[in-house]
Amino acid sequence: MDKTALMRRCLELAKRASGYTSPNPMVGALLYKDGKVIAEDYHKKPGTPHAEALVLNQAGALAKGATLFVNLEPCCHKPKRTPPCTDAIVAAKVKEVIVAMEDPNPLVSGRGIAMLKDAGITVECGVEGQAAHLLNETYVKYIRTKTPFVILKVAMTLDGKIATPDGHSKWITGQKARELVHRIRGEVDAILTAVGTVKADNPQLTARPQLTTSIEGLKSPIRVIIDPEFEITANYNVLKTPPPTILVVKNKQGRQFNSFPSKDIDVIFYDKQLDLKWLMQELGKRQITSVLVEGGTSLSGHVIEEEIVDKVMFFIAPKIVGGVDSYVPVGGKSFKTIADPFYVKNLQVQHVGDDLLIEGYLK
């Protein structure tokens, strides 16, 4: 029995539901018996059966004496929409459970494993634990902090520009990079941008095919638009097309929101100056577990300076545009010294078509 290979299969299964399980984690499971996999499945979306329940149901009586592989500790608490998986595992008389990582949810953390052991089931935890944590990094942060996991995405030229002095920026990266961005959009709960980007480009900010039809079945994220002076109008695409949009507006007398034809609009008001950490808390209250930041130099500077970014993704095109007045990826009024920068850790580099993607973590 190759435990590593079987757990990797669980992770592959779990990944199929990327973008659809929030605020739940992505979980895959399989049952192994007599030298073969007898059942495998994954959690599809909130409110539907968990992966463990699905494979136990598939296997039926064959589950007795089998080994269950699952990439997250089975749930054991009851005040939720689905019954606890630990009860089903015990009832099925599974012999052994292999778990990749403990559930960070305090209602479960360690308790699910303890309940299985108390029932006489052998439990091993930690197989492919790092990969399991990486797969559900969004869930882990949200459960621990009640704030979303934040990704800053930037598309820039080789000489570090995101737009020419007149604001022209389409398209810096190639088709494959842009398609990957749409896939990433389909995996997050929300996109954060500023009204300046909306006014300049009138984007839809949805997850959709771009130039080809190779991307199907993507879920579009909620749009969060920082618009202090409430400049946006109903003519912009972000208010004319699904999904819902959240406007972040300074709290003062002004235009009326009931002038918008769409009901899919929410408003978050703030006083005086916007605190982005506070905004993340407000989004967390709405069960937004992940945010992709797509904006200009100013917004990128703010999210970095206010230290809300967990991960950065820099797409670098093999182009040079030059110009001292061309826009740079990260602006802001302040800066860090060379000796004490915002340091990016765990860097990974890959080719995406003709472009490079460099990604890593700020925290």
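Here the stretch 166-198 is the region considered, the condition is being open to solvent by 40 Å² or more (accessible area, probe 1.4 Å) and in a helix (DSSP H, G or I), and the residue that is nearest to MET280 (Cα to Cα) is GLU187. So ASP325 ticks every box in (1) without any contact (Cβ under 8 Å) to a residue 40 or more places away in the chain; (2) over 21 Å from LYS176 (Cβ atoms) but one. Which box is left unticked? Here ASP325 clears every test but (1). The residues of the stretch 1-15 that are open to solvent by 10 Å² or more (accessible area, probe 1.4 Å) and touching an Asp or Glu at 6+ places or on another chain (Cβ under 9 Å), listed by number, are LYS3, THR4, ARG8, ARG9, LEU11.
Among the residues of the stretch 340-347, are any within 18 Å of the chain's Cα centre (by Cα) and in contact (Cβ under 8 Å) with a residue 24 or more places away in the chain? No: zero hits.
Return yes or no: is THR138 in contact (Cβ under 8 Å) with a residue 60 or more places away in the chain, open to solvent by less than 20 Å² (accessible area, probe 1.4 Å) and of a type in the set (Ser, Thr, Tyr)? When the stated conditions are applied, THR138 does not pass them. Evaluated against (1) in contact with a His (Cβ under 9 Å, 6 or more places away or on another chain); (2) without any contact (Cβ under 8 Å) to a residue 40 or more places away in the chain, ALA100 falls short on exactly one condition, (2). The residues of the stretch 288-305 that are open to solvent by 10 Å² or more (accessible area, probe 1.4 Å), part of a helix (DSSP H, G or I) and either at pLDDT 95 or above or not acidic (Asp, Glu) (or both), listed by number, are THR297, SER298, LEU299, HIS302, ILE304. Screening the candidates GLN281, GLN273 for the property of being touching a Ser or Thr at 6+ places or on another chain (Cβ under 9 Å) and either buried (at least 20 other Cβ atoms within 10 Å of the Cβ) or not hydrophobic (A, V, I, L, M, F, W, C) (or both) yields one hit, GLN281. Taking the stretch 16-34 as the range and being open to solvent by 30 Å² or more (accessible area, probe 1.4 Å), assigned to a loop (DSSP other than H, G, I, E, B) and touching a residue at least 12 places away in the same chain (Cβ under 8 Å) as the test, the residues that pass are ARG16, TYR20, SER22, PRO23, ASN24. So, ARG144, is that one closer than 23 Å to GLY360 by Cα, out of contact with any strand residue (DSSP E or B) (no Cβ under 7 Å at 6 or more places or on another chain) and open to solvent by 20 Å² or more (accessible area, probe 1.4 Å) or not? It is true that ARG144 is closer than 23 Å to GLY360 by Cα, out of contact with any strand residue (DSSP E or B) (no Cβ under 7 Å at 6 or more places or on another chain) and open to solvent by 20 Å² or more (accessible area, probe 1.4 Å). With respect to PRO329, determine if the residue is in a loop (DSSP other than H, G, I, E, B) and either open to solvent by less than 40 Å² (accessible area, probe 1.4 Å) or touching a Lys or Arg at 6+ places or on another chain (Cβ under 6 Å) (or both). Judged against the criteria, PRO329 is a match. Could you count how many residues in the stretch 270-287 are closer than 15 Å to THR245 by Cβ and either hydroxyl-bearing (Ser, Thr, Tyr) or assigned to a strand (DSSP E or B) (or both)? Number satisfying all stated conditions: 0. Within the stretch 306-318, if we keep just the residues that are at pLDDT 95 or above and not β-branched (Val, Ile, Thr), the residue that is farthest from VAL349 (Cα to Cα) turns out to be ASP310. Kindly check whether there is at least one residue in the stretch 332-349 that is touching a Gly at 6+ places or on another chain (Cβ under 6 Å) and at pLDDT below 90. Yes, the stretch 332-349 contains a residue that is touching a Gly at 6+ places or on another chain (Cβ under 6 Å) and at pLDDT below 90. If I ask for residues that are touching a residue at least 60 places away in the same chain (Cβ under 8 Å) and either assigned to a loop (DSSP other than H, G, I, E, B) or closer than 16 Å to LYS146 by Cβ (or both), which ones from the stretch 306-316 would you list? Passing the criteria: ILE308, VAL309, ASP310.
Only one residue in THR206, THR233 is open to solvent by 40 Å² or more (accessible area, probe 1.4 Å), in a loop (DSSP other than H, G, I, E, B) and either modelled with pLDDT under 90 or of a type outside the set (Val, Ile, Thr) (or both), so which one is that? Testing whether each residue is open to solvent by 40 Å² or more (accessible area, probe 1.4 Å), in a loop (DSSP other than H, G, I, E, B) and either modelled with pLDDT under 90 or of a type outside the set (Val, Ile, Thr) (or both) leaves just THR233. A residue that is under 16 Å from GLU306 (Cα atoms), open to solvent by 70 Å² or more (accessible area, probe 1.4 Å) and not basic (Lys, Arg) occurs somewhere in the stretch 341-354.
Within the stretch 134-165, the residues that satisfy the criterion of being of a type in the set (Gly, Ala, Ser) and either part of a strand (DSSP E or B) or farther than 21 Å from PHE314 by Cβ (or both) are ALA155, ALA163.
The values are calculated or read from the model by the stated rules, or taken from the named source; none is laboratory data. In this text, all values refer to a predicted model and were calculated from it rather than measured experimentally. Neighbour counts are summed over all protein chains in view; Cβ atoms, including those assigned to glycine, are modelled from backbone coordinates with ideal geometry. Protein only, heavy atoms only, side chains kept; ligands, DNA and RNA dropped before computing areas. Shrake-Rupley method; radii C 1.70, N 1.55, O 1.52, S 1.80 Å.
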